[in-house]
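Input: a single structure, listed below in structure tokens.
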Amino acid sequence: MDTRGHGGLKITNSLRFKIFLGFTVLAAVLLLILNIYPVRMMRRQLVEAKESEMRSNVAALSAALESSSLMDYDTASSAISIMDIGRDQRVLVTDGEGRVIYDNLKFSDVIGKTVLFPEVIEALYGRDVFRSVYDGRAFSHRATCAVMRDGLVVGSVYAYQYDLESARLLSGTKSNIARISFAVTAATALFVLVFTTSLRRRFDRVLEGVAQIRGGNYEYRINMESEDELGVIAAEFDQMSDQLTKTEETRRQFVSDASHELKTPLASIKLLCDSILQTENIKVDDVREFLGDIRDEIDRLTRISEGLLYLSRLDSGEASEGECDLTQLVNRAAELLKAYADEFEVKIISSLPPSAYIRGSSDMAYQAVFNLMQNAVKYNRKGGSVHVTLKEGEDRWLLHVADTGIGIKEEELGRIFDRFYRVDKMRSRETGGTGLGLSIVGRCLDALGGHVEVSSTYGEGSCFTAYFPMSERKAGDIS
Ligand SMILES: Nc1ncnc2c1ncn2[C@@H]1O[C@H](COP(=O)(O)OP(=O)(O)O)[C@@H](O)[C@H]1O
Ligand SMILES: [Mg+2]
């Protein structure tokens, strides 16, 4: 037999089954209590009412007999006739030996005979008794009372009723409750079935979403219009799918960009090699020139692969630990860029505090500082300048790198931090750019717990501001 439901889930493990079982058990327990308790209460009340009625009847009859001087049929008969004892009851009066002296049955065959009912015997011992027995069809009530004279038992009064009416009342109530219980059970089962079916259907939709995404269909959305918990899960899931689609798109774009970027220098190298190989009697000087070009392309490939490797290290969440001095890093970068800046006739002017300690890896901070300063030189104009300043914020250091260069158009600002993105591919290529510099800056600052902003006026220059979290250590703490 197949006991497995959706997605290989064992039916007994399914939420639907558990809810169904839970409700059913709860309903069963409640109905059981409902079926037992009120019926018991009712039975007790019926019997109690009967007991008090019958006890007072036999007591009254016994009192009437006690007050009269005689204990015979007529006395008992006249006492009973004024007492309104129900015709549905059998009443016997016995003398002290248990001999019947009165029976309210018309054609009695027990008068003069000794009756040794247990209740009568007990009454003759002076105890008033009431007993009620229910056999499922009718009640049998028995009440007795002793008749006393001068402190001695001289007889007993015995009343007996075969009570069908109370029994009918009881069983009527019982079957009514059972009917109601059955209806409630059926309604509950129906409700639970409808409820769990709808719940199951909605779970299936979420499950389908999970399966689709797992299968690589990132476009799939659950689109459940509901505000309950399942709706919230579905909405969260759809948002996660949106994010996944974006990530997947970025990844695809990145792979395609990266292969393209690697292909270009490789194609150039191949072309240069072919030129050397296919030109007969090629001059040594030409070969040298071509080889120089080939080396440039190889350098470029090296820079791209280094940049990609560095980014992948940052992407894999490499921790940025330790602390470093930004002033030192800026000075080091300025020194390294000096020859490059001179070549472009660009002046680097820095105004720095004696020290500016930040939290995080010195290598990451240096990558950020160097790339920003290199860009400021690279995308400058002849005779231009780069101003590097370090300002102390509340709990961070602000590095401003302002240039007097070509600037960036407003619409390009949003994209320059994308991998491989370059505003002017030719210029970037000529200057050895890979389009990875600013992505590295952005990711390094993320890892350091800071961020970077840019403002630019096209044709006038740009200003990059990087925020670095300040280290606890102040200038004086370090020797
Ligand atoms: N200071 C700047 N002034 C003008 N344009 C800039 C500046 N810095 C970056 N850019 C633009 O942003 C692009 C991306 O920069 P980056 O990621 O460092 O790549 P690249 O390798 O081209 O320098 C550059 O190609 C350039 O077009
Ligand atoms: Mg750059």
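The values are calculated or read from the model by the stated rules, or taken from the named source; none is laboratory data. Predicted model, so just to flag it, every value in this text is computed and none were measured. For neighbour counting, all protein chains shown are included, and Cβ atoms are generated from backbone atoms with ideal geometry for every residue, glycine included. Ligands, DNA and RNA are stripped out before the accessible areas are found, and what is left, the full protein with its side chains, is counted by its heavy atoms. Shrake-Rupley method; radii C 1.70, N 1.55, O 1.52, S 1.80 Å.
In the range 437-460, the residue that is farthest from ligand 1 (Cβ to nearest atom) out of those that are assigned to a loop (DSSP other than H, G, I, E, B) and touching a strand residue (DSSP E or B) at 6+ places or on another chain (Cβ under 7 Å) is Gly449. Looking across the range 360-391 at every residue that is in a strand (DSSP E or B) and β-branched (Val, Ile, Thr), the one that is most open to solvent (accessible area, probe 1.4 Å) is identified as Thr389.
Taken together, Arg149, Arg137 contain a single residue that is under 22 Å from Asp72 (Cα atoms) and basic (Lys, Arg), which is Arg149. Among the residues making up the range 453-465, those that are crowded, with 20+ Cβ neighbours inside 10 Å and within 14 Å of ligand 2 (Cβ to nearest atom) are Ser462, Phe464.
On inspection, Val386 does not qualify as touching a residue at least 12 places away in the same chain (Cβ under 8 Å), touching a strand residue (DSSP E or B) at 6+ places or on another chain (Cβ under 9 Å) and within 12 Å of ligand 2 (Cβ to nearest atom).
When Thr434 is tested against (1) surrounded by fewer than 21 Cβ atoms within 10 Å (Cβ to Cβ); (2) outside any helix (DSSP H, G or I); (3) more than 42 Å from the chain's Cα centre (by Cα), just one condition goes unmet, and that condition is (1). Against the test of being in contact with a Cys (Cβ under 9 Å, 6 or more places away or on another chain) and either within 12 Å of ligand 2 (Cβ to nearest atom) or touching a residue at least 40 places away in the same chain (Cβ under 8 Å) (or both), the options Asp395, Asp403 yield a single qualifying residue, Asp403.
For the structure I just gave you, tell me whether Glu394 is in a helix (DSSP H, G or I), more than 8 Å from ligand 1 (Cβ to nearest atom), more than 22 Å from Ile304 (Cβ to Cβ) and open to solvent by 30 Å² or more (accessible area, probe 1.4 Å). Against the criterion (in a helix (DSSP H, G or I), more than 8 Å from ligand 1 (Cβ to nearest atom), more than 22 Å from Ile304 (Cβ to Cβ) and open to solvent by 30 Å² or more (accessible area, probe 1.4 Å)), Glu394 does not qualify. In the set Gly216, Gly209, only one residue is without any contact (Cβ under 8 Å) to a residue 40 or more places away in the chain and assigned to a helix (DSSP H, G or I); that residue is Gly209. Is it the case that the range 99-122 has a residue that's assigned by TED's automatic domain parsing to the domain that holds Tyr37, surrounded by fewer than 12 Cβ atoms within 10 Å (Cβ to Cβ), in contact (Cβ under 8 Å) with a residue 40 or more places away in the chain and over 60 Å from the mean Cα position of the chain (by Cα)? No, the range 99-122 contains no residue that is assigned by TED's automatic domain parsing to the domain that holds Tyr37, surrounded by fewer than 12 Cβ atoms within 10 Å (Cβ to Cβ), in contact (Cβ under 8 Å) with a residue 40 or more places away in the chain and over 60 Å from the mean Cα position of the chain (by Cα).
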